[in-house]
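Heads up, the thing below is written out as structure tokens.
A short reminder: the numbers here are calculations on the coordinates, not readings from a lab. Just so it is clear, the structure is predicted and the values come from calculations on it, not from any experiment. Neighbour counts are summed over all protein chains in view; Cβ atoms, including those assigned to glycine, are modelled from backbone coordinates with ideal geometry.
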């Protein structure tokens, strides 16, 4: 019997954990999940786990060679663009197959008041135009990174993140430390408590954090939606765990 082939899962998402669980149940695969270490107490997947960076594309390429990795599944967050770019470059340079697993993004529907922007910085620039001046109230759910862009906005912020953020923050803010998934009833309760004039979010996609969009629609709250960064050209992309694993392993 041949030795199991090593599959490296670049994880940190619900889909990454699901993929690792599926691979861990196979006798012909050794699955190793790599987590960035950005979250203090991450949910750990099945199989082997490593935590920390690789040292850029060259470091990842060296790791692929040293560990004789047979295939890479990029199941990182849709906004982890640096890691995805490094994976694409490392796999292209080593000849290791790569599949990017990306859950579909959100789409607006009847009653939504969405304003799409290209970046977190663009969201901060557009925000004052949607607020009634300094009395404005903002529910900010873009995560702990990039919050310095909002530091100069004169409004009251409720900032939801998994871990406490670093760097400059708006002068008037309250931290809501929590981890999804979030139920619709809980999001409705949050909106009733905060009464936001604007919701700011990233287009993360998926069901875990989508209920806030429903709560915003029900209350007629405008939503600033930060679009996803583009994927590197030429990479294979699949929207589901099953499709990504089938393409990666040729099953």
Could you list, in sequence order, the residues of the stretch 4-21 that are touching a helix residue (DSSP H, G or I) at 6+ places or on another chain (Cβ under 6 Å) and either part of a helix (DSSP H, G or I) or closer than 12 Å to residue 242 by Cα (or both)? 15, 18, 19
With respect to residue 203, is the statement that it is loosely packed, with under 14 Cβ neighbours inside 10 Å and closer than 29 Å to residue 42 by Cα true? no
State all residues of the stretch 197-220 that are in a loop (DSSP other than H, G, I, E, B), under 23 Å from residue 136 (Cβ atoms) and in contact with a helix residue (DSSP H, G or I) (Cβ under 8 Å, 6 or more places away or on another chain); if no residue qualifies, say none. 197
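Can you tell me which residue within the stretch 9-26, out of those that are surrounded by fewer than 19 Cβ atoms within 10 Å (Cβ to Cβ) and within 20 Å of the chain's Cα centre (by Cα), is farthest from residue 179 (Cα to Cα)?
As a first pass, look at the stretch 9-26 and keep what is surrounded by fewer than 19 Cβ atoms within 10 Å (Cβ to Cβ): 14, 21-22, 24-26.
Filter once more, keeping what is within 20 Å of the chain's Cα centre (by Cα): 14, 21.
Values: 14: 12, 21: 21 Å.
The qualifying residue farthest from residue 179 (Cα to Cα) is 21.
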Which residues, taken from the stretch 69-90, are touching a residue at least 24 places away in the same chain (Cβ under 8 Å) and farther than 23 Å from residue 21 by Cβ? 79, 81, 85, 86, 88, 89, 90
Among residues belonging to the stretch 27-69 that are more than 22 Å from residue 90 (Cα to Cα) and in contact with a strand residue (DSSP E or B) (Cβ under 9 Å, 6 or more places away or on another chain), point out the one that is surrounded by the fewest Cβ atoms within 10 Å (Cβ to Cβ). 28
Please state which of the following conditions residue 229 fails to meet, knowing it meets all the rest: (1) touching a helix residue (DSSP H, G or I) at 6+ places or on another chain (Cβ under 9 Å); (2) in a loop (DSSP other than H, G, I, E, B); (3) without any contact (Cβ under 8 Å) to a residue 60 or more places away in the chain; (4) within 27 Å of residue 41 (Cα to Cα). (3)
